[in-house]
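Below: the structure, in structure tokens.
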Amino acid sequence: MTLQEGQRVKLAADLRLTDPIEVSGLVIGILSLAADTEGTVEEVVEHVRDDADVREYERLKSLLDSYGDGMPPESKRQLEQKVGALQPAWIAFQEQGPQVTVRVRFDNGFILSASPQDLYVPV
């Protein structure tokens, strides 16, 4: 489920924002946002993550699909082997899907940017 701009959400769990804060040698606390803190989604950003293996798989697979029938048998076999070797990276990329991050303005005034959408549930 992808969140949308303007959608009301709440935190699915407590979210620790800082490590223990120390002032003059004394630990004064940790800053956290509590689960169920509500806010509004201001921005949704979809990040497509791919790497060199994924790009190479796409390139070689396209070559194989387009020109494989007309290739010499040995060249086609080598290309099929290369595509097969890169297929696990391609499958992992497809299963992973795009990463979606959001910017949420909480009702208490805090703003949390570039946070994974999985931290939130719709209200």
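The values are calculated or read from the model by the stated rules, or taken from the named source; none is laboratory data. Computed from a prediction, not measured in an experiment: that's the story for all the values here. Note that we place each Cβ from the backbone using ideal geometry, even for glycine, and neighbour counts take in every protein chain shown. Heavy atoms of the whole protein, side chains included, go into the accessibility calculation; ligands, DNA and RNA do not. Shrake-Rupley method; radii C 1.70, N 1.55, O 1.52, S 1.80 Å.
State whether the residues of segment 82-94 include one that is out of contact with any Gly (no Cβ under 6 Å at 6 or more places or on another chain), under 30 Å from Val9 (Cβ atoms) and assigned to a strand (DSSP E or B).
Looking only at segment 82-94, we keep the residues that are out of contact with any Gly (no Cβ under 6 Å at 6 or more places or on another chain), and these are 82-94.
Next cut, under 30 Å from Val9 (Cβ atoms) only: 92-94.
Okay, now just the ones that are also assigned to a strand (DSSP E or B), so none.
Looking for residues that are out of contact with any Gly (no Cβ under 6 Å at 6 or more places or on another chain), under 30 Å from Val9 (Cβ atoms) and assigned to a strand (DSSP E or B), one finds none in segment 82-94, hence no.
Kindly state which strands (runs of 3 or more DSSP E) lie completely within segment 6-69 and contain at least 1 residues that are in contact with a Pro (Cβ under 6 Å, 6 or more places away or on another chain) and open to solvent by 70 Å² or more (accessible area, probe 1.4 Å). So that I can check it myself, show each step before the final result.
Numbers: elements: 8-11, 21-23, 26-29, 38-47.
Output list reads 26-29, 38-47.
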*State all residues of segment 70-120 that are β-branched (Val, Ile, Thr) and out of contact with any Leu (no Cβ under 8 Å at 6 or more places or on another chain); if no residue qualifies, say none.*
Ile91, Thr101, Ile111
*Residue check, Arg103 within 21 Å of Ser115 (Cα to Cα) and at pLDDT 90 or above*: yes
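When you scan segment 36-50, do you find a residue that is free of Cβ contacts under 8 Å to residues at least 40 places away in the same chain and under 30 Å from Tyr120 (Cβ atoms), even just one? I'd like the intermediate steps shown before the answer.
Here is the first cut: in segment 36-50, the residues free of Cβ contacts under 8 Å to residues at least 40 places away in the same chain are 36.
In the following step, the residues that additionally are under 30 Å from Tyr120 (Cβ atoms) were identified as 36.
Scanning segment 36-50, I find at least one residue that is free of Cβ contacts under 8 Å to residues at least 40 places away in the same chain and under 30 Å from Tyr120 (Cβ atoms), so the answer is yes.
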